[in-house]
Structure formats: C-alpha cells, structure tokens
C-alpha cells in the first residue's frame with residue numbers, strides 16, 4: 001500500500017500464490033508478485049506491507065515491498081525463498097526532482113537556476129521546473145563557465161558531413177565544394193553535381209590561363225622597355241641629341257617623328273607603299289594621323305662619322321625656302337637607319353614621263369622643268385643659308401606635281417660647302433651616266449659637278465633618251481658622247497625628239513644644245529655656273545613664250561629668231577660685271593619662295 005504525505009491512500013497492489021507451481025518467472029502481474037506505479041506529485045512516500053493469509057509459511061517464509069526503477073526489476077521465484085538481502089541493495093531507484101516554481105515564474109526572479117546555453121522546461125510531474133543544455137551544447141545546465149553547457153564540436157566528434165564540416169556555436173554547417181549542391185549531410189542528400197576531378201581540371205585550366213596572361217604581360221612589358229631603350233640608343237647614335245641642339249640654336253621647325261607614327265603611316269613599311277628606290281634608300285608613301293600624305297625615305301645605314309653631316313643637312317634642308325625644292329617635313333632617328341619625311345609629290349619622277357610612257361610631252365613643259373630645276377640648283381649653290389652640292393642630279397630625282405612643276409628631291413648624297421671652299425674631297429657617289437667625270441677621277445666634289453649632271457638632264461629633255469642608251473654599240477652607249485658627236489656633225493635631228501624639233505624649231509634646239517654641251521665640258525672650270533645656266537634658260541623660256549604668241553597670231557612665219565644669238569647669253573639679256581645677267585625681275589623668278 002502507498003501512502004502520501006497526508007497519510008492518505010495513494011495506491012497499492014495485491015498478489016496471491018496458492019502453489020509454487022503457479023509462479024511464472026519474469027511476470028509481476030499478481031501471482032506471487034505485484035507492482036503499483038508511484039503517483040506523480042508526491043513529496044513524501046510511505047510503504048505498508050501486510051500478509052492476508054500464509055498457509056505455507058515454511059515454503060514462503062516472508063514477503064517484501066520495495067521501490068525500484070521501472071523496467072529495472074525482473075521477478076524470479078527464487079526471490080521468494082531468498083532470505084539473503086544482498087540482491088536487494090543493488091536494486092536501482094531513480095529519484096525525480098525539480099526546482100520549485102514554474103519556468104515563467106522563475107525567469108522573473110534572480111533565483112532562476114538555468115545558466116548560459118540552456119533552456120527551461122516544467123517538470124513532467126506537474127511540480128517545479130528543470131534545466132537542460134540547448135541543442136548543440138553539453139554539460140551541467142546549472143553551472144556557469146567551463147563546467148556549464150559547452151559547445152559540442154560535431155565536426156571532430158562524429159563529422160556528419162560528406163565533404164567539409166564547419167563547426168558553429170551550438171550547431172555545424174556542411175559545405176559542398178564549388179560546382180556541387182545539396183545539404184552535405186551523410187544522412188541527407190549529400191553533395192551532388194560536378195565532381196572534384198572536373199573542378200580540379202577547371203581550376204587548373206583557370207590557373208594556366210592566368211599564368212599565361214601574366215607571362216604574356218610580363219613579356220610584353222619587358223619587350224616594351226627593351227624597345228624603348230633600343231630606340232633611345234638609335235636616337236643617340238643617329239645624332240638625335242646633336243639635332244635637337246641644332247634645332248634649338250637655329251630655331252628650326254623640323255618635326256621629329258616617332259617610329260610608331262611612321263609605322264602606322266606606312267602600314268609597317270609595307271612593300272605595297274614603296275614608290276621609289278635609289279642608291280641612298282627606299283621611298284615609301286605614307287599617310288600621317290592628320291591625313292597629310294608624305295613621302296618617307298628609309299635611308300641606308302649611315303657611318304657614325306657622318307652623323308654630324310646628316311644633322312647639318314637636315315637643318316639646312318628644313319630652312320630651304322624654294323618652291324622647286326622638295327620640302328623636308330621631319331625625320332625619325334630612333335630606328336637603326338634614319339627615316340626622312342618629305343612632302344609627297346603626286347605626279348612621279350621626270351624619268352618616268354620621259355622613258356616609261358609614250359604619252360606626248362610638249363617642249364613647253366620640258367623647258368619649264370629645265371628652268372625650274374636650274375633655278376632650284378642655283379638657289380642651293382648660292383642663296384641657301386649654307387651652300388649645298390646635290391651630287392646626284394638625275395631625272396629620277398626631279399619630281400613633278402600635278403601641274404608638272406619640278407621639285408628637286410633626294411638629298412641623301414648632298415654635301416654642304418662653305419662659301420670660301422672651292423671643292424670637297426669625298427668618296428665618289430652618284431649615278432653612272434650623270435656623274436661628273438672630273439669628280440669621278442679626282443674625288444673632288446664641286447658645284448660644277450651638279451652643272452655636269454644637269455647638262456645630262458637637259459639632253460634627256462631634248463632627246464627623250466636615257467643617259468646610258470640601250471640597243472647601240474658599246475662605245476657609243478653614252479648619251480652625252482653620242483649627242484656631242486652628232487651636234488658637231490650637224491646631225492642633231494638624228495637624236496633630238498621629233499616632237500621637240502617640230503614644236504621648238506631647230507634654231508632654238510641648237511641654242512639649248514650648245515648650253516647643254518657647255519655644261520658637259522670635261523673640265524669643271526670651263527662649265528658655266530648654275531646661276532648662269534638658270535638665267536640663260538629663263539631668257540630662252542621668255543623668248544619661247546613670245547615665239548608661241550607670235551606664232552599663234554601668224555605674225556611670224558618660221559622666222560621668230562631674227563637676231564643673232566650668242567652661245568653664252570640670250571639677246572634679251574644684258575651682262576653685268578663678271579658676265580652675269582642683271583635682271584631683277586628674272587632674279588625674283590629664279591628664286592621664288594615656296595608657297596605656304
């Protein structure tokens with residue numbers, strides 16, 4: 001019988017046994033053994049045990065009542081005859097306890113017993129409350145600090161994740177590798193998607209691409225720096241520092257281009273842009289960023305001892321102010337060979353119009369070209385800041401614009417000469433057929449060397465034949481020699497271009513021929529000066545223009561040349577001291593400034 005604290009009846013049970021044979025081991029359901037549950041909410045418990053009747057006292061000498069944990073005791077018939085109490089003291093008893101009050105009431109007081117990382121729950125027997133560690137924590141919920149509820153490291157204890165486990169306060173996270181998805185739990189969906197091998201391959205490829213880009217960028221940077229140093233070295237080797245000093249002192253407007261500018265202008269010096277080749281370099285057509293069309297001459301390698309000379313020539317040519325001299329716009333010195341930039345002349349070279357086409361070319365045009373070329377050379381010899389000997393006058397170096405205005409070009413072989421100098425001793429350079437034979441033999445370059453070369457060009461204009469003629473005997477291939485022989489045999493008609501003979505008339509042709517032969521004399525001292533040649537040609541042009549006017553009006557019939565004309569000077573000119581014509585209007589025409 002169970003009695004509560006008020007000595008009231010709380011519960012009980014009764015067992016009966018008429019014979020040992022009726023006892024069933026393991027069963028405590030009323031045969032020799034009975035059990036009663038302890039009611040909830042009891043604060044005090046008393047047990048009373050009594051025997052109703054014992055007829056077989058010897059067989060079952062005693063009985064007993066005890067408290068034991070539910071499901072912890074298994075009845076056996078031997079317990080009825082066992083008078084030894086050793087087993088009884090080991091029967092487990094569970095005492096359920098709780099703290100007075102409810103969770104709601106206790107939380108409002110300072111006596112609340114639950115500590116950090118815990119939760120409160122009311123006792124199941126209806127009296128008091130108890131504390132427990134929150135999920136993910138373990139320890140004593142009634143203690144503070146290290147002995148209280150501490151975080152459970154699920155990752156190190158049981159690791160419930162298939163891949164990566166990250167412990168968090170009171171919990172944990174399972175993370176899947178990149179490219180995979182899922183809850184990551186061993187008992188869940190795990191991680192699905194792209195496998196580790198694929199991720200490794202993709203990551204490896206990404207690293208390879210990154211390394212390639214980094215390597216390429218490093219290579220490009222090193223190459224760029226190396227190129228910059230190379231360009232600076234070439235600039236210094238090609239006289240760049242000296243050129244800058246000269247430009248500053250002379251206040252030159254010469255522009256110094258970068259190699260990148262000229263590479264873009266010529267499409268990296270494509271062969272498609274080549275417009276000419278010569279002994280002193282290759283000429284390319286280029287278009288600058290401002291859409292200005294230019295001619296860029298890629299010179300041959302210049303000896304270091306000639307750097308100062310090259311710089312001086314660049315400065316001199318940049319200051320040349322004559323409409324019949326090709327204007328130099330600038331240069332580039334940061335390449336292995338110097339690059340010179342000139343104005344682009346659209347109509348090609350005189351050589352092409354004379355020898356590579358059958359298109360008629362009037363004598364009026366040819367005479368204008370001769371006058372303009374002579375005027376340019378006279379300017380270079382006398383009127384330039386420092387006299388210049390061209391040294392390579394030939395029809396391929398006389399360019400023509402769209403109006404057939406002559407432009408002397410290609411100063412790669414040119415040499416400056418002081419006013420008080422008579423000659424410059426130098427290595428022989430020039431073009432066979434145009435070269436002064438005296439210069440060829442003595443290596444002494446003079447202004448008269450240009451006069452000789454111009455004489456050859458004058459004969460080209462008269463005959464439309466090359467200086468070294470094709471299809472003739474070896475000993476008479478030289479045009480000057482053949483022309484001289486036929487002139488002295490009074491057979492000029494055999495070599496003069498019929499178009500010229502018909503348009504100009506033979507007397508005019510003979511006058512031009514005499515002037516050309518004077519220019520071609522073997523001794524330089526016997527040749528006229530370039531200024532004299534220019535003045536005489538200008539006079540002949542004026543007479544020719546007058547002749548055309550008179551002829552068109554039919555006032556003269558094949559008799560335009562009435563007065564005797566000396567070989568040295570046309571009749572319309574008068575000579576001053578030294579035999580040089582003094583005509584101010586003609587001097588202005590000989591040295592016209594280039595138009596802006």
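Quick note: the coordinates plus some simple rules give every number you see, no bench work behind them. On a predicted model such as this, the values are computed, not experimentally measured, just so you know. Cβ atoms come from the backbone with ideal geometry, glycine included; neighbour counts cover every protein chain shown.
So how do 410, 153 line up by other beta-carbon neighbours within 10 Å, fewest first?
Least crowded to most crowded, the residues run 153, 410.
Mind ranking 509-520, 330-341 by how tightly packed they are, going by the mean number of other C-beta atoms within 10 angstrom, highest first?
Numbers: 509-520: 20.8, 330-341: 22.8.
Going from most to least packed, we get 330-341, 509-520.
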field: Segment residue 422-residue 20, extension gain: residue separation times 0.36 nm, minus the distance between their alpha carbons
entry: 128.7 nm
message: How would the stretch 72-203 be classified by its alpha-carbon gyration tensor: rounded, prolate or oblate, with rounded meaning a/c under 1.5 and the a/b versus b/c comparison settling the rest?
response: oblate
query: Between residue 171 and residue 429, 0.36 nm times their residue separation minus their Cα-Cα distance comes to what?
result: 83.4 nm
query: Extension gain residue 274-residue 158, at 0.36 nm per residue separation less the Cα-Cα distance, in nm?
result: 33.6 nm
- request: Take 108, 96, 503 and order them by how many other Cβ atoms sit within 10 Å, fewest up front.
  value: 108, 96, 503
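Give the shape of the stretch 131-190 as rounded, prolate or oblate, defined through the alpha-carbon gyration tensor: a ≥ b ≥ c are the square roots of its eigenvalues, a/c under 1.5 means rounded, and otherwise the shape is prolate if a/b is larger than b/c and oblate if not. Spell out each step's value before the answer.
Details: a/c = 3.58, a/b = 3.02, b/c = 1.19.
In terms of gyration-tensor shape, prolate.
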query: If each residue's Cβ is checked for other Cβ atoms within 10 Å, how do 450, 497 rank with the fewest at the top?
result: 497, 450
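Give the shape of the stretch 452-523 as rounded, prolate or oblate, defined through the alpha-carbon gyration tensor: a ≥ b ≥ c are the square roots of its eigenvalues, a/c under 1.5 means rounded, and otherwise the shape is prolate if a/b is larger than b/c and oblate if not.
Values: a/c = 1.58, a/b = 1.21, b/c = 1.31.
Oblate, since a/c reaches 1.5 and b/c is not below a/b.
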